[in-house]
1. From A:Gly68, A:Gly62, grab the single residue that is surrounded by fewer than 22 Cβ atoms within 10 Å (Cβ to Cβ), modelled with pLDDT of 95 or more and not charged (D, E, K, R).
2. Return the only residue of A:Phe240, A:Phe186, A:Phe245 being among the aromatic types (Phe, Trp, Tyr) and without any contact (Cβ under 8 Å) to a residue 60 or more places away in the chain.
3. Picking from B:Val171, B:Val181, B:Val131, B:Val138, which residue would you name as being surrounded by 22 or more Cβ atoms within 10 Å (Cβ to Cβ), over 16 Å from the mean Cα position of the chain (by Cα) and more than 19 Å from A:Ser163 (Cα to Cα)?
4. With the requirement that a residue be open to solvent by less than 10 Å² (accessible area, probe 1.4 Å) and within 13 Å of B:Leu110 (Cα to Cα), what does the stretch A:171-185 give you?
5. Being among the acidic types (Asp, Glu) and farther than 21 Å from B:Val134 by Cα, is that true of even one residue in the stretch B:15-24?
6. Evaluate the following for B:Arg77: is it more than 8 Å from chain A (Cβ to nearest Cβ), among the charged types (D, E, K, R) and touching a Lys or Arg at 6+ places or on another chain (Cβ under 9 Å)?
7. Return yes or no: is A:Phe251 surrounded by fewer than 22 Cβ atoms within 10 Å (Cβ to Cβ), assigned to a helix (DSSP H, G or I) and touching a helix residue (DSSP H, G or I) at 6+ places or on another chain (Cβ under 9 Å)?
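The values are calculated or read from the model by the stated rules, or taken from the named source; none is laboratory data. Quick caveat, the model's predicted, so the values are computed rather than measured. Glycine also receives a Cβ, built like all others from the backbone with ideal geometry; neighbour counts cover every protein chain displayed. To get the accessible areas, we keep the full protein, side chains included, count just its heavy atoms, and leave off ligands, DNA and RNA. Shrake-Rupley method; radii C 1.70, N 1.55, O 1.52, S 1.80 Å.
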Amino acid sequence: MTSYLLAIAIQVGILMILTLSLSIQYGMTGLINFGLVAFYALGAYASGLLTVAGWPIAAGIGVAALVGSLASLPLGFIAVRLKAEYLAIVTLGFAELVRLVALNEQWLTRGTTGLGGIPRPFQDQPPIVQAALFLAVVVFLIVVFVLVSRRLTVSPYGRILASIRDNEAAVNAIGKNPSRFKIQIFAIGSAAGAVAGALQAHYIGYVSPDQFVAHVTFMAWMAMILGGTGRVSGALIGAFVIMLFFEGSRFLRDVMPWISEVEMASVRLAAVGLLLILATLYRPQGIVGDYSSR
Amino acid sequence: MILSARDISVSFGGFTAVDGAGIDVAEGAVVGLVGPNGAGKSSLFGAITGYLPASGGTVSLDGVDISRLPAYGRVRRGLGRTFQVPREFTHLSVRDNLSAAVPEQSGETLLKLFGSPSAVRKDEARVRRKVDEVLEIVGLGHVQDLHGGSLSGGQRKLLELGRVLLTDPRVVLLDEPFGGVNPVMIERLSEVIKSLNDRGVAFLIVEHNLAALSRLVGRLYVMDRGKVIAEGAPADVLSLPAVQDAYLGTVA
């Protein structure tokens, strides 16, 4: 049971980092990233490939963050100046592009076979200790991104971010370039997404293109909306609740013994979908409320 | 000339809103820009401030061509503007609205934000002092903790004026500062504009309230159908038949 709970806690933690990534981008400046999974994938492959080649895991995760933010820059320069909807479309396309590259560039990613043998940290420890230490690393990184989020919002920098959310034209009129801030925020958020991917790679020890489907992006979106858009606590609580429901729906099996495994997967998604519909009906501002009540 | 716009044209599709209009504002002057609705005043404003792409013409600030600069770049050079409908930051406090406008803040760069918290703190003290000064000038000290969105129409205009002031402008373009503002507040706004002008800030003001405008400006431009049709002292310009025609339609 302990190892099951640890495993779930690690998944919750990784989803929290992914959701923080969205929360930074959408919550702080309204950037719509429908291709979050692309950065998650880039982080997973970057750290996976480097550590398989012998790099230390910490360095792999660091490089993953760098790769994530660098990859966001061209998208940022192209789309951030345009309306929010364009970035949504561009990122959606980018996610598909990354997945296809992972699928087809076999020399690098080993295609559908996937990249195995990715080192897991603390491997000389007994499994429970190993999982507990891994969880500690995840929690540490959550704390890092929470502190970064706080610094970005509660500061002169955050004042401009809030101004951009309120009225971008007026931000120009006070002599500040909104695009500069949005591109930076997009890059920081993308780094968080990549770190989540790297953690997942080191946790599972294996990456393959079929892990990087749109579902990952939308789990994080659901978590953010459920928790409360634009608030750090909302991202954390939303990720926790979504994962609780998603894992809890496993026990639907007991009350619905007649359906197949494949059907079960769909039923579980439907259960989470229903939760989100109910949440938006009865608590549209999210569990902790959105940024306007911060 | 602190501000000089030459041969400005602005088109929307096939429609030419501004057709080769030019305007000069001398150092420290207060200049008015009037004309009937649809004359192209706001479009000319947009082209000068970089909010609308001009299809022709040049804008220079203190002799430097700023035509290719983006809107925020023009503000940094000293060309401030307000909006017809005030665009205060509704969810920010009045103080934060003003603080955001202070240029060159350490805490607005990632490097200093994460690398040098003490420099950021010190700079915030500077920002506070500058904002205190401006709160004094525009007289919004008593509402500094309220959200921008909760102010009255006139207070919003004052807030915008304060915000522009913090960008250290050489010339400020005011888009209908007295629109939808009660007479007492018009008086108050006029006083603030005058006191800023005494400190050397030049103004170009688009306004329909000719009585209030005439008390402020030394020169007046009149636009009609995208062109400047008259310029000069307010009293002279407003009595010209062509100007009266433009305003009232052709009088029999």
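1. Among A:Gly68, A:Gly62, only A:Gly62 is surrounded by fewer than 22 Cβ atoms within 10 Å (Cβ to Cβ), modelled with pLDDT of 95 or more and not charged (D, E, K, R).
2. Among A:Phe240, A:Phe186, A:Phe245, only A:Phe245 is among the aromatic types (Phe, Trp, Tyr) and without any contact (Cβ under 8 Å) to a residue 60 or more places away in the chain.
3. After applying the criteria, what remains is B:Val181.
4. Once the filter is applied, which keeps residues that are open to solvent by less than 10 Å² (accessible area, probe 1.4 Å) and within 13 Å of B:Leu110 (Cα to Cα), the stretch A:171-185 yields A:Phe181, A:Ile185.
5. So far as the stretch B:15-24 goes, yes, one or more of its residues are among the acidic types (Asp, Glu) and farther than 21 Å from B:Val134 by Cα.
6. yes
7. Judged against the criteria, A:Phe251 is not a match.
Here's the yes/no breakdown for (1) out of contact with any strand residue (DSSP E or B) (no Cβ under 8 Å at 6 or more places or on another chain); (2) outside any helix (DSSP H, G or I); (3) touching a residue at least 40 places away in the same chain (Cβ under 8 Å):
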position: A:Ala44; (1), (2), (3): no, no, yes
position: A:Val63; (1), (2), (3): yes, no, no
position: A:Val67; (1), (2), (3): yes, no, yes
position: A:Arg81; (1), (2), (3): yes, yes, yes
position: A:Trp107; (1), (2), (3): yes, no, no
